[in-house]
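Structure record follows, encoded as structure tokens.
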Amino acid sequence: MRDLGTAGSLASILALPIMVAIFYAARLLHRRMRRSRVASLRRDDIRDRAHVIITINMCRSLALGARGSDPCSPAAMSAMRDVARHIGDARTTYGRFLTEQGMRIAEQVHAAALNTIEGQTCAPADFSHIFHALRRLDPEILDIDDASLVRRREEEAGAGDPGPE
């Protein structure tokens, strides 16, 4: 080992397997972190989807109460104001959990509730329309493992195809 060139060659030969081991360890760690991030996003989606369902049920209860009361009463107008606010918030914040048809229905409910409180109408038929439209929203909520939601979580976590290496 008195020859410096031989020592350098020996060190480079031994360094190659060490570099490969470090590369694979880093790659495994990176994959594990991405899976953890996807799992965290899935838990957030479960919570947010539940929030959408609760919001729709609450709005349906408000619409049912407004339907049973005097159409132009302050209580009915307050209920429609709450329906418009909550459905509008759910549609804009959590719209990813609704199908395209669900987004259209939510927009119709929002517009009908706003029309009711703006004094354009206070017919009991509008309250019934809003109530039935809210009932039609239930099947328009996407499943937590829907392909579009899974793809969105993977993209957000950076877990898409890593590309060529």
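The values are calculated or read from the model by the stated rules, or taken from the named source; none is laboratory data. Owing to the predicted nature of the structure, the values given are computational and were not obtained by experimental measurement. Here the Cβ positions follow ideal geometry from the backbone for every residue, glycine too, while neighbour counts run over all protein chains shown. Just so you know, the surface numbers come from the protein's heavy atoms only, side chains and all, with ligands and any DNA or RNA stripped out. Shrake-Rupley method; radii C 1.70, N 1.55, O 1.52, S 1.80 Å.
Structural remarks
- Contact map, region 4-20: residues that are at positive phi paired with residues that are part of a helix (DSSP H, G or I), Cβ distance under 9 Å, separation 6+ or inter-chain. No pairs are found.
- Scanning region 104-115 for residues that are within 26 Å of Ile144 (Cβ to Cβ), open to solvent by 20 Å² or more (accessible area, probe 1.4 Å) and touching a residue at least 24 places away in the same chain (Cβ under 8 Å) yields Gln108, His110.
- Within region 134-146, the set of residues being in a helix (DSSP H, G or I) and crowded, with 20+ Cβ neighbours inside 10 Å comprises just one member, Leu134.
- The residues in region 78-95 that are closer than 24 Å to Asp143 by Cα, open to solvent by less than 70 Å² (accessible area, probe 1.4 Å) and part of a helix (DSSP H, G or I) can be counted, and the count is 7.
- Note on region 53-76: among residues that are aliphatic (A, V, I, L, M) and more than 30 Å from the chain's Cα centre (by Cα), the one that is nearest to Leu137 (Cα to Cα) is Ala76.
- Filter result (free of Cβ contacts under 8 Å to residues at least 24 places away in the same chain and surrounded by 14 or more Cβ atoms within 10 Å (Cβ to Cβ)) within region 63-77: Gly65, Ser69
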